[in-house]
Amino acid sequence: MAKSVESDFTSGFLDTATKRKVSSASTKNGNTISISPTYKSLEVDDKSSSSYSLPISYSFVSDENIDRKFSISLPISYTEVEGATSYSLGLGFSYSLPINDSWIVTPALSYTIAVSADLATLAQLGGTSVTSSYTYELPNKHRISMGNMVGYYTTLKFYNGDYAYDPGITNTVFRNALMYSLDTNNIVDNTSVDIYAINTKYTGTELYNDSYNEFGFSFGYNKVNINILSETEKYAYKKDLKLGLSYLTSDKEKGIKINFGFTF
């Protein structure tokens, strides 16, 4: 469930808080592909776990507004806990809708299947969420962004002949974040540093860990390239490159997360 929550929040907040504007009315926006490999290491009750994720997404970007987009995501992950391994594959859909130049709302739907031969388990998860991303513009191209998400996630029945199994886990998840973006063009052109804090809270079915905090930063290169097709028609293509590190902490677990993102 945690991976579905993180994926929905990333598409609705972390990927939308970076502003990229194209002012020309004759400019069309190119669609984008995003690849975001992530490594996470956690320590829980003297046990360690490692997970590797490879979220891949394709976004259809509106010509009228580069921040309006419909995205299809395919997150893939591998997790190892004390020698036991598990795999998950997801499919997600999201639509980022700009309310104004500062506010973007993103509803999302997701489906995930997870399997572990070592633990002899197979589970399905469905989810829906709405994420709000609001950015305050500050002097010198600095920004403060606020992200708020509410999501509903539930396990689904798995059928095998006459046998049906459902773990019966249903949670409403709240995720809230603040991010400060510092323009670093004076060091490297088209770059910025993001510093953020995220709180995640699970309600509903009792979980081993129902709340945790994440504190992190990322360094990113983001630029809109203009391809001139004719005197009256131009295409804008986003190019983002981001490297981030964060620390996760709660009463029951602690760990780090390293992520790399590339959009083209």
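Yes or no: ASN213 assigned to a loop (DSSP other than H, G, I, E, B), under 21 Å from the mean Cα position of the chain (by Cα) and loosely packed, with under 15 Cβ neighbours inside 10 Å? In short, no. For the stretch 33-45, the criterion of being more than 19 Å from TYR237 (Cβ to Cβ), at pLDDT below 90, surrounded by fewer than 15 Cβ atoms within 10 Å (Cβ to Cβ) and of a type outside the set (A, V, I, L, M, F, W, C) is met by at least one residue.
Here is a list: ASN225, ASN259. Which entry is free of Cβ contacts under 8 Å to residues at least 24 places away in the same chain, outside any loop (DSSP other than H, G, I, E, B) and of a type outside the set (A, V, I, L, M)?
Numbers: ASN259 fails: free of Cβ contacts under 8 Å to residues at least 24 places away in the same chain.
Answer to the selection: ASN225.
Across the stretch 47-78, the qualifying residues are those that are under 30 Å from LYS252 (Cα atoms) and surrounded by 20 or more Cβ atoms within 10 Å (Cβ to Cβ), and the one among them that is farthest from the chain's Cα centre (by Cα) is SER51. Consider the stretch 149-171 and keep the residues that are surrounded by 17 or more Cβ atoms within 10 Å (Cβ to Cβ), modelled with pLDDT of 95 or more and polar (S, T, N, Q). The one that is nearest to LEU91 (Cα to Cα) is THR154.
The values are calculated or read from the model by the stated rules, or taken from the named source; none is laboratory data. Note that the structure is a prediction, hence the values are computed from the model and not measured. With ideal geometry, Cβ positions are generated from the backbone for all residues, glycine too; neighbour counts draw on all protein chains shown.
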